[in-house]
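Below is one structure; the comments refer to it alone.
The values are calculated or read from the model by the stated rules, or taken from the named source; none is laboratory data. Keep in mind it's a predicted model, so treat the numbers as computed, not measured. We place every Cβ from the backbone using ideal geometry, glycine too, and count neighbours over all the protein chains shown.
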Amino acid sequence: MLGYVACFSLFTHVLKVIPLGVAYAIWSGAGCALTYAVGVICFGESISRNKILSILVIIAGVVGLELSNGH
């Protein structure tokens with residue numbers, strides 16, 4: 001619960017600097033990648049080339065959004 005409160009508090013500060021679409025994409029992409037990493041490390045989920053490639057595509061999309069923003 002404390003993590004959610006911290007996350008939403010920080011997110012409001014981030015929105016003062018980064019547009020909503022980019023900030024949400026970063027938040028979602030990081031959440032997907034970290035959830036996958038926790039699944040692999042803590043729960044022994046399988047690692048495959050397709051899963052890694054999919055995470056990299058998410059990261060590339062977030063980076064593309066940020067670069068197209070003019071930063």
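Observations
- Applying a threshold of 6 Å to beta carbon distances and a minimum spacing of six or more residues, or different chains, the list of pairs starting in region 1-21 at a residue that is without any contact (Cβ under 8 Å) to a residue 60 or more places away in the chain and ending at one that is surrounded by 10 or more Cβ atoms within 10 Å (Cβ to Cβ) reads V14/A23; L15/A23.
- All conditions but one from (1) assigned to a helix (DSSP H, G or I); (2) among the β-branched types (V, I, T); (3) free of Cβ contacts under 8 Å to residues at least 40 places away in the same chain apply to I26; the one that does not is (3).
- Flag for A30 being in contact with a Phe, Trp or Tyr (Cβ under 8 Å, 6 or more places away or on another chain), surrounded by 13 or more Cβ atoms within 10 Å (Cβ to Cβ) and of a type in the set (A, V, I, L, M): no
- Any chance C42 is modelled with pLDDT of 90 or more and either under 15 Å from the mean Cα position of the chain (by Cα) or surrounded by fewer than 13 Cβ atoms within 10 Å (Cβ to Cβ) (or both): yes
- So I47, is it of a type in the set (V, I, T) and either in contact with a Pro (Cβ under 7 Å, 6 or more places away or on another chain) or loosely packed, with under 14 Cβ neighbours inside 10 Å (or both): yes
- E45 meets all of the listed conditions (1) touching a helix residue (DSSP H, G or I) at 6+ places or on another chain (Cβ under 6 Å); (2) assigned to a helix (DSSP H, G or I) but one, namely (2).
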